[in-house]
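The values are calculated or read from the model by the stated rules, or taken from the named source; none is laboratory data. Remember, it's a predicted structure, so these values are computed and weren't measured experimentally. As a convention, Cβ positions derive from the backbone with ideal geometry for all residues, glycine included, and neighbour counts pool all protein chains shown. Surface accessibility is based on the protein's heavy atoms, side chains included, excluding ligands, DNA and RNA. Shrake-Rupley method; radii C 1.70, N 1.55, O 1.52, S 1.80 Å.
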Amino acid sequence: MTAGVPSDALGQRILCGTEYATVRYVGGVPPTAGIWLGVEWDDPQRGKHDGTYEGRQYFKCRHPRGGSFIRPNKANFGVDFLTAVKDRYGLSDEQSVQHGTENTLVFGKKTVEFVGMDSIAQLQRQLNQLVDISVRECAVSHAGQKEEISRTCPNIRHINLSKNLISSWETVTAIASQVQNLETLNISENKMKFPSTSTSVFSIFSKLRILALNQTEITWAEVLLCAPGWPALEELYLTSNNITILERPDNVLQTLKLLDLSDNQLLDGNQLHLIAHLPRLEQLILTNTGISSIHFPDVGFGCKTKMFPSLKFLAIKDNKISQWSSINELDKLPSLRSLQCHNNPFMDTEKNPETLRQLIIAKISQLEVLNKSEILPAERKGAELDYRKIFGNEWLAAGGNWDPEKNKPSEQFLADHPRYPSLCLKYGAPEEGELKGQQPLTLKNQLLTLTIKCPEKPEQKPIEKKLPESMTIQRVKGLLYRLLKIRGSELKLSYESSKLEGKEVELDNDLKPLQFYSIENGDCVLVRW
């Protein structure tokens, strides 16, 4: 150690005031006297240069103004894990133990039951009972003395170590090796070095189920090198790590049920094929990953892919998916039940959000939840019937026919609407009368401005909504379910108009559109249950 600087200071994480940095240089900077630390700041706005001073380069920075020199006494190199735990939970030996009421003791800011022990024994008992520990932003940088954690806190199962001063994976394993039953570990927001060769620490994380490594600068290759040590891992969070390329996980991560790769700019959608055979993966979160298409080339439309066999939930919101063909592809996933897909360019092709929702529902047969909103059976039926009717004329023009022997729609139509044949099997081909006067999708939705009131619930304020006149009563009920959380089967709808002078018209046929009832702009829909 030199003048208060640890011997292994290079590469260590430090705090200077409230700013985080990494030590890149330790030594003199002529013509000044004494020892300096060359640091690279997490926030480059805090820096002054790139590690070059008076024409000499002392260290390198990613950002041209991301570096500075500071004196060692300005740097906080952090504390060991147990010191942080005691400080955070008010259980430090140095802190005074005050008597509260007759049956309680106050430790720091925590009041605990007093059972007649002396204060030191009580402190030990409190540490002994800790199961779920959070030392987020407590400047933890090292494990401390060997076996001290296991002796003092033997019952820990869940640890939040996020945003500390951990600079290497070795520090993480040194802490975890003393926690026998560790199930959950969050070490996000620690910029650290990961092993460059495969690690054999199988027993250390043998019970670990949930691991968060967000904003740690880990690569996918490093994930796979560490993964043999996570034999029971079920949830892995890897957001904001600049992961661009994936590799196939051979004999690792086979127990994984959830994988979050959000905010990593993947090279392309084909990267997903490399993780498509994780056998137990149920949830895949790909928010803001830059993907522009999804394709499962192993099977044609109408068949189920062997990729992602267990996937139930998929989040692809905030991406660059511009073609409906990617949504068609999702119908190939055998287990998909829930999808989040808002804020993608393909959604700009349809201005009405209700129609957009119906199109997605009709295209993905097994979907039960779309953008966090449940799809009720009545809504699915309405969406599929509408889809069958909306594209009926296109079906006919492409070679579709009511005569099964003559029904030969083009390959292009089937590629654009792969579920259309199955919808015709389910409900029958659209009748000629249904298709007369059927306008193109973009023209058909003349919007009506309607007021929705609940006359028997005065506390429920009236709502003004713009709805397409082609919207079926069934779909109106689906919308009301999301607004009022009352199931469509329990709702009774009617409407009143200034032209009808106080008369109510019952909206009694779920399959009829609003225009069937001659509803006009400014009319009022009445909702009862």
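One table, with the values for the structure above:
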| quantity | calculated |
| --- | --- |
| Sum of -39500 (n - 2.57) over DSSP H runs of 4+, divided by residues of the chain (222 nm, nearest 500) | -5500 deg cm²/dmol |
| Solvent-accessible area per residue for the chain (1.4 angstrom probe, square angstrom) | 49 |
| Simple spin-label estimate for Glu432 and Glu368 in nanometres, 7 Å along Cα-Cβ | 4.3 |
| Contact order normalised by residue count of the chain, Cα under 8 Å, 6+ apart, percent | 6 |
| Spin-label model distance (nm) - Leu425 vs Thr52, 7 Å beyond Cα toward Cβ | 6.9 |
| Interchain or long-range residues, amide H under 5 Å from Ser470's placed H | Gln446 |
| 16 Å cut-off, amide nitrogen to a point 7 angstrom out along Asn181 Cα→Cβ, residues in segment 123-141 | 126-133 |
| Principal-axis tilt of helix 377-390 within the chain, Cα atoms, nearest 10 degrees | 60 |
| Pairwise centroid distance, computed over Cα atoms, of segment 346-390 with segment 481-522, Å | 21 |
| Eligible lysines near Lys60 by straight Cα distance, threshold 29 Å, same-chain separation 8 or greater | Lys48, Lys74, Lys163, Lys191, Lys193 |
| Cross-link table Lys312/Lys351; Lys317/Lys389; Lys306/Lys372; Lys351/Lys461; Lys457/Lys503, entries beyond 24 Å C-alpha to C-alpha | Lys312/Lys351; Lys317/Lys389; Lys306/Lys372; Lys351/Lys461 |
| Derived scalar couplings ³J(HN,Hα) [segment 415-424; Karplus, 6.51 cos²θ - 1.76 cosθ + 1.60; whole Hz; x for Gly, Pro] | 5, 6, 9, x, 8, 4, x, 5, 5, 5 |
| Length-normalised contact order for segment 12-74 - Cα pairs under 8 Å, 6+ apart - percent | 30 |
| Correct option for P(r) over Cα pairs in 10 Å bins from 0, in percent [calculated from the coordinates] among (1) 3, 14, 18, 17, 16, 14, 10, 5, 1, 0; (2) 3, 15, 22, 20, 15, 11, 8, 4, 1, 0; (3) 3, 14, 18, 15, 12, 11, 10, 8, 5, 3, 1, 0 | (1) |
| Distance-filtered residues of segment 39-61 - backbone nitrogen under 16 Å, label point 7 angstrom along Ser240 Cα→Cβ | 42-45 |
| Contour minus Cα-Cα distance for Ala232 and Ile486 (0.36 nm per residue) | 87.3 nm |
| Accessible surface of the chain, 1.4 Å probe, proportion on carbon and sulfur as whole % | 48 |
| Using a Förster distance of 51 Å, the FRET efficiency for Glu520-Ser310 (Cβ separation, nearest 0.05) | 0.55 |
| Stretch gain in nm, segment Arg151-His295, where the contour uses 0.36 nm per residue and the Cα spacing is subtracted | 46.6 nm |
